[in-house]
Every structure is written in structure tokens, then in C-alpha cells.
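> First the structure, which I've put down as C-alpha cells, then a few questions once you've had a look.
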Amino acid sequence: MDQARFIIAVALSFLVFLAWDYFYNDEKPATKVEQTAVGQPAVKTETPESAKDIKLQQKPSYVTPLVKASETSRVIKINTPFYSLNINEKGAAITSFVLSNYRETINADSPNKELIPKEVETGTIRSGFAGNSVPGIENALFVSDADSETVALKEGNKEISFYWKSPQGVIIEKKYNLSADTYLIGLTVKIINQSPESIKDKLFVSLNSFYTENSGSQSFEGPSALINNSLEQINLKDIEEKNTYSGVFKWIAVQDRYFMAAIIPKISLETDMRLSLKDKGYLEVRYLNPEKEIRPGTQEQVEFNIFFGPKSMNLLGSLGYDLNKSINFGWFDFLAKPTLYFMNFIYGFIPNYGVAIILLTVIIKLLFWPLGSKSYKSMNEMKKIQPLLAGIKEKYGNDKKRMNEEVMGLYKTYKINPLGGCLPMVAQIPVFFALYRMLYETIELRHAPFMFWIKDLSAPDRLFSFAFSIPFMEPPYGIPVLTIIMGATMFIQQKMTPAVGDPTQAKMMMILPFVFTVIFVNFSAGLVLYWLLNNILSILQQYIISRKTA
């Protein structure tokens, strides 16, 4: 009976967990960082007669380019060992960012992973003023100082600047500082006011992305930020109700299951983040700098790092800025992250994540072995007194109070805790949920092969590929071998548990293995592998304890 209650509890808890995780994901803030600002007067420069000729003469450390604007924009392509990106002179925005070490699919002919959706035609890392004090900047045709439209950066750093001068005489410079040995890219936005009027406004830099209404992902996708040292993840459906967030920002980001893009201010300031989700899924996330007044003949600049890349704990941790806090595994994050670190540790010795999951499962099972043994011993004791319990129910079935008294007396006589078989197993539920989130979201399993037909541990397990659909199964369609075997092991476990007297519970126990098989049919192969092996080890442990207590 206790095993029945436990499995029912797991099933209900699992369904509640999925529903809760889908409809609610929230973190709360707290702490402040000292606010600072950058501002300095600029040496006056000559104003060119033509807005197409921009000549900057400033302090000696400042490069003095003379660039001629054209009627059409160039696209500057930069190739590094980690990525290839395109920067369009229109808006000086990044219109393509392709990762060198990740592919779109597991197919050998698959192109490399593109992080900027094709729907974002204007690109990302766009800049402007919240109050539109410098009209035309968002769609301005900048001029680059790059000598060539293709730059190969195999080592060292490379700075590429983009300039635009407004009809009023305001010069905007966007300078990208790229490095061959990191995913981080420096970004400096400089405003040189050569107009006769002061500029008093909030400069913004934005991330632009695109999301479909039903992505099918069970992990968080959308905008996030580290505000007051607390992670804030905003569900896309909530943007209409609240689109502005305030506090001290370490970074803002847009995320999907495995990748993210982030803007990281060099100085953490108390400011705002503004969100907009337009029709057809176009998302804009603006980081607004605090309002500044830039008088005629002066300049202002703000500095950032930007990041496009994988949501790898090791990588993000090495980059600093608390970027690793962008990875959150939900309620049981405090359990999921140590298991992820340990799985990666195992992988360092045995470079196969399927084997790493197996060893991780065995180790976790050994840690919980005493609790499991206690549970199975309690269930065996309950099995021994089943005939006595049935006799009490038959004798006092019409007198509930007396029946309960006799049952409790029987437990006391045989020194049995009726919850002894259930509570030790309930203690393992948080570990399962933590592993569920970790194995589903960790990028290490993306396109990671195991053996035989399992070529991708992050995808559902399928043997063969069918052209027709299968009920309850999401594409691709095939035979879910691991999932079927997992369901069979659950059925074996159910047969090994003491028979329950309640016919309703008995029927529920019979259908639970089928229900779990249907639930798991679309889960990642890595998670099914963990659950299957855990079932096999539980059957082994239950068999050993049954033999000892027979």
C-alpha cells in the first residue's frame, strides 16, 4: 500500500511540477551596487560641410579616421575561432552570429548554429535614445573604418568602429572590440555633441530576438536579467502586463533552451530595462542608461561587454560577471548544479555522456541505498501482516473507529511504521526533479551520442524513422526503445510490491507503468536512461532486501 501511495504521489507530484514549471517561473531581488557614471568634455572638432564626411580630431589617444559614407551599407564579416559575425553598417547592428563549435542538427551536413533568428531582419545590438532626442539614429547608415568587408581574426584583438553624424551635428560612434580567444565582445558607444543644443536623454542598447508562441520547450525561454543580484526571468506572456524593470543591473539577456545573448554594462548602475513583444513574436529588450545631459562641445561614452554563446556552466563561470546565474534549474537548482558539475567531472575521465549518466545514477543510488533499504524492509513487514489486516477489516468493517484502533494496535505489536515504506522514497523526489531539469536543459547533452541508435541524448529516443504519426508522440516518429523498457521495469516493480487490499488502488497500480511510459515518450533520452537505470537498481535492491527478510 505504501509503495502504491508513493508511486501515485510521484505521478501527481511530477504532473504538478510540470504544470507549475510551465505556468510560473519567478525569482525575487535584493542588494544594491554603488552607482557611478562616466562623462568628460571633448576637444572641439571641426564640423564637416557634408554630413557624409566625418573627421574627428580629439585627444591624441583617439584615432582620427576620415571616412566617406556611401549610399548603400556594407556588411563587415569577422571570423574568429569561436564564431563568425556580420555587422551591417545600417544601424551598426549585428545581423548574423554563427557559432563555430555547434551545429543546427546532428546531421553531418548541418550548418553551424545561427543565434540571430532570420525574422530579426534589422539585427541586434541596436542603439538609440529613449526620448528620440537624436532622430534617425536607430536606422542610420553608419560608416565603418574597416579596410575590408572580411576580417580573419586568428589571434589577438581587433577594433572596428562605426560612425554616423546626424543633420544636427551629433556624432555617434559604435566601437566593437573583438578577441580571438573569448566569446566576450567589447562595445563602446560614444556620443559627441557638435550640435548647438544640449542632449538630455537615456541612451539605450537593445537585444532583439524572435519567439514562436508555442516553442514546445519545457525550459525557460525569453528575456532575463540579474537585478539587485537576483535572477529575474520574464515569461513572454507577462510582458504585456509589466514591461519595465528597475534596479542595479549586472546584465540583461535573451535565452532559449541552450543558448543566450547578453549585454553586460562595464559599470553596474541603477537603471531600467524595457521590454516590448510585438506582433508575430518580435522581442526587443532595451538596457537604458541613466539620463545624462550632454552639452554642446562635450561627449559621453558608455562601455559594455556583449556575449553570444552556449549556456555552459563552465564557460559562463569562467567569463565572470555572474553570467552563470543565468542558468537556473528551478526549485531544486541547489541540487541540479552540483550533479551537473559532477557529471562533467566524470565526463572528463570517460568522454561519453551516456556512460557519465549511468555512473552518476549508480552513485546517487548508492547514496540513497540506506533509505531505500529501510523502505523495502518496511514494505516486506507490511506484506507479512497483510492477512491480519484483511481479517481486521473483515471483522470491524462496519465500525471504522474500532477498525482503526485494531490496525494501530497491530502496527504497535509488530513495531511497524505505516509510513516507513513511503517517507524514505519521498525524500528522493527532489533529486529526481533536479535531475529532470538538469538533464533536459544542460547543453552538454545537446547532440551528445551514447551508443547504437541513440545519437543525441538531448532528443527523444527513437529507433527507425516513420513517415506516419503515432498517438501521444511528438516528431520524429519511431520506436521509443528505452522508454518501452523503462515502462516494463516499472511494471516489474509494481508486481514486486505487496498486494493492496483496495481494488481501486490495485487498478491504479496496474495502469501507472503505462501512464509513465506515455509521459516519458517525448522526454530526452538522457533523462529516460537515468530513470530506466534507477528502476533496474531499485528492482535489484528490492530483491536483495526481500531475500534477507524472507
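> Considering only residues that are under 30 Å from Pro475 (Cα atoms), hydrophobic (A, V, I, L, M, F, W, C) and out of contact with any Phe, Trp or Tyr (no Cβ under 9 Å at 6 or more places or on another chain), which ones fall in segment 217-272?
Once the filter is applied, which keeps residues that are under 30 Å from Pro475 (Cα atoms), hydrophobic (A, V, I, L, M, F, W, C) and out of contact with any Phe, Trp or Tyr (no Cβ under 9 Å at 6 or more places or on another chain), segment 217-272 yields only Phe220.
> Does Arg286 qualify as being surrounded by 17 or more Cβ atoms within 10 Å (Cβ to Cβ), modelled with pLDDT under 95 and either touching a helix residue (DSSP H, G or I) at 6+ places or on another chain (Cβ under 9 Å) or not aromatic (Phe, Trp, Tyr) (or both)?
Against the criterion (surrounded by 17 or more Cβ atoms within 10 Å (Cβ to Cβ), modelled with pLDDT under 95 and either touching a helix residue (DSSP H, G or I) at 6+ places or on another chain (Cβ under 9 Å) or not aromatic (Phe, Trp, Tyr) (or both)), Arg286 does not qualify.
> Now, a different point. Considering only segment 172-191, state which residues are more than 31 Å from the chain's Cα centre (by Cα) and either small (Gly, Ala, Ser) or surrounded by 21 or more Cβ atoms within 10 Å (Cβ to Cβ) (or both).
Ile172, Glu173, Ile191
> Check whether at least one residue in segment 220-237 is acidic (Asp, Glu) and in contact (Cβ under 8 Å) with a residue 60 or more places away in the chain, and report yes or no.
Within segment 220-237, one or more residues are acidic (Asp, Glu) and in contact (Cβ under 8 Å) with a residue 60 or more places away in the chain.
> What's the number of the only condition in (1) closer than 30 Å to Asp201 by Cβ; (2) touching a Phe, Trp or Tyr at 6+ places or on another chain (Cβ under 8 Å); (3) surrounded by fewer than 19 Cβ atoms within 10 Å (Cβ to Cβ) that Glu291 fails to meet?
Looking at each condition in turn, Glu291 falls short on (2).
> How many residues are surrounded by fewer than 20 Cβ atoms within 10 Å (Cβ to Cβ) and aliphatic (A, V, I, L, M) if we restrict to segment 249-268?
Qualifying residue count for the region: 1.
> Right, here's the next one. Need pairs with beta-carbon distance below 8 Å; first residue touching a residue at least 24 places away in the same chain (Cβ under 8 Å) and within segment 472-491, second basic (Lys, Arg) and buried (at least 17 other Cβ atoms within 10 Å of the Cβ); sequence gap 6+ or separate chains.
Pro480/Arg462
> Name the residue that is farthest from Tyr183 (Cα to Cα), counting only residues in segment 233-268 that are over 13 Å from the mean Cα position of the chain (by Cα) and of a type in the set (Asp, Glu).
Glu241
> Can you tell me which residues in segment 121-156 are closer than 16 Å to Val205 by Cβ, crowded, with 20+ Cβ neighbours inside 10 Å and among the β-branched types (Val, Ile, Thr)?
Of everything in segment 121-156, those that are closer than 16 Å to Val205 by Cβ, crowded, with 20+ Cβ neighbours inside 10 Å and among the β-branched types (Val, Ile, Thr) turn out to be Thr124, Ile125, Val134, Ile137.
> So which residues in segment 448-476 are in contact with a Phe, Trp or Tyr (Cβ under 9 Å, 6 or more places away or on another chain), surrounded by fewer than 20 Cβ atoms within 10 Å (Cβ to Cβ) and either part of a helix (DSSP H, G or I) or modelled with pLDDT of 90 or more (or both)?
Pro449, Trp453, Asp456, Leu463
> Give me the pairs: first residue in segment 109-130 and closer than 15 Å to Ala93 by Cβ, second residue acidic (Asp, Glu), beta-carbon distance under 6 Å, and six or more apart or on different chains, which are they?
Filtered contacts from segment 109-130: Gly128/Glu138.
> Taking segment 428-455, which residues are among the aliphatic types (A, V, I, L, M), in contact with a Lys or Arg (Cβ under 9 Å, 6 or more places away or on another chain) and under 30 Å from Gly372 (Cα atoms)?
If the condition is that a residue be among the aliphatic types (A, V, I, L, M), in contact with a Lys or Arg (Cβ under 9 Å, 6 or more places away or on another chain) and under 30 Å from Gly372 (Cα atoms), then Ala434, Met438 are the ones that fit.
> Check off (1) surrounded by fewer than 16 Cβ atoms within 10 Å (Cβ to Cβ); (2) among the β-branched types (Val, Ile, Thr); (3) modelled with pLDDT of 95 or more for Val302 and give me the number that stays unchecked.
(1)
> May I pose another question? Filter the helices (runs of 4 or more DSSP H) completely within segment 313-395 down to those with at least 3 residues that are within 17 Å of the chain's Cα centre (by Cα), buried (at least 18 other Cβ atoms within 10 Å of the Cβ) and in contact (Cβ under 8 Å) with a residue 12 or more places away in the chain.
333-349
The values are calculated or read from the model by the stated rules, or taken from the named source; none is laboratory data. Predicted model, so just to flag it, every value in this text is computed and none were measured. So basically every Cβ, Gly included, is an ideal-geometry build from the backbone, and we count neighbours across all protein chains shown.
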